[in-house]
Amino acid sequence: MNHRNQAEAIQRVQSYIKSHLKTVLTLKSLSAVAGYSPAHTERMFKEATGMNLFEYIRLMRLTEAAKSLKSDPSEKIIDISLDYVFDSHEGFTRAFSKEFGISPKRYQKHPIPVRYFITYDVLSRYLFNHRKEGKSMESKTVFVQVVERPKRKAIIKRGVKATEYFEYCEEVGCDVWGILESIPNALYEPAGFWLPKEMIPKGTSEYVQGVEIPFDDQTLPPEGFDLITWDQTLMMIFQGEPYPDEHFMDEIPLVQKHIENFNPQLYGYEWDLNQPRFQLSPLGYRGYIEARPVKKR
């Protein structure tokens, strides 16, 4: 059986689940989306994701429920539990408490860092593992703007030797993002950062993952994470064109090549090598985004 076809089938299931978390999902309906028998759909899903289909759905629902609780302190817990198709308030509370180590009521009042469930597209992973080396890249438009970031703190998780995302995942694991997404009062979304030399203690990595919080915020980092302070700085943001999600491995080097060839001095800036640069999660609808610190000449 064609492995590409199976990856596409599971990708359809993943996308369907994501857009139907608030409806009843059955194996019959999901196997119809996949285009395979129920038993074969279950087997393919487990092989592709490493987990049971309905455990995957349960974790997605709990994570989205946690995000709702964090974003709206006034929303009733019973309403959230019913929205995400839990049979009862009590059942939702038990499942939430077991997964995150805190009751939904307490979490809603005082959000703490927890481990959100992060999903990865099966088709994107398949295409990355089967990518053709030496593929020529088409030139596309890259949009550039300069924004100011205030003095702020960052909660980061360091690696050992990693200089990019995939090395980092091998050293630390790919689920760090789930914790970062749950950090309360974040200024921006989580990001991957390349640290300047003076911010890299001996035996730790240049590439880290983290999230920025206000300078006066008192949030403590989770165990195993570091809290550091970053000065006010200007960031030059590079944003590529939108692309199909499964093509993200082609788009990242395309934008990075544009950055390497870009001369900020033509616009009155120069690279600031004393501040971290960052990349955002590659989401096709907005294009790949990477940022470099600059200072005025």
The stretch 121-158: number of residues that are in a loop (DSSP other than H, G, I, E, B), at pLDDT 75 or above and loosely packed, with under 11 Cβ neighbours inside 10 Å: 1
Unique residue being assigned by TED's automatic domain parsing to the domain that holds LEU273 and without any contact (Cβ under 8 Å) to a residue 24 or more places away in the chain when the list is LYS161, LYS197, LYS151, LYS157: LYS197
Qualifying positions in the stretch 46-66 - more than 18 Å from TYR16 (Cβ to Cβ) and exposed (fewer than 15 other Cβ atoms within 10 Å of the Cβ): GLU47, GLY50
Some residue of the stretch 55-67 being free of Cβ contacts under 8 Å to residues at least 60 places away in the same chain, touching a helix residue (DSSP H, G or I) at 6+ places or on another chain (Cβ under 9 Å) and outside any helix (DSSP H, G or I): no
Scope the stretch 28-54; condition polar (S, T, N, Q) and in a helix (DSSP H, G or I); matching residues: SER29, SER31, THR41, THR49
Every pair of residues 6+ apart whose Cβ atoms lie under 6 Å, when the first sits in the stretch 1-18 and is at pLDDT 95 or above while the second is assigned to a loop (DSSP other than H, G, I, E, B) and crowded, with 20+ Cβ neighbours inside 10 Å: none
Pairs, first within 16 Å of VAL144 (Cβ to Cβ) in the stretch 267-290, second of a type in the set (A, V, I, L, M) and part of a loop (DSSP other than H, G, I, E, B), C-beta under 6 Å, six or more apart: ILE289/LEU280
Residue list for the stretch 207-219, filter: within 25 Å of LYS161 (Cα to Cα) and either surrounded by fewer than 21 Cβ atoms within 10 Å (Cβ to Cβ) or hydrophobic (A, V, I, L, M, F, W, C) (or both): VAL208, VAL211
Residue among GLN239, GLN232, GLN256 that is modelled with pLDDT of 95 or more and closer than 30 Å to ARG4 by Cα: GLN239
Pair list, Cβ < 6 Å and 6+ apart or interchain, from the stretch 213-224 residues that are of a type in the set (A, V, I, L, M, F, W, C) to residues that are not in a loop (DSSP other than H, G, I, E, B): ILE213/LYS153; PHE215/ARG152; PHE215/LYS153
Qualifying residue in the stretch 85-101 (condition: exposed (fewer than 15 other Cβ atoms within 10 Å of the Cβ), assigned to a loop (DSSP other than H, G, I, E, B) and touching a residue at least 12 places away in the same chain (Cβ under 8 Å)): yes
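The values are calculated or read from the model by the stated rules, or taken from the named source; none is laboratory data. Computed from a predicted structure; not experimentally measured. Because the Cβ atoms are built from the backbone with ideal geometry, glycine has one as well, and the counts that use them run over all protein chains shown.
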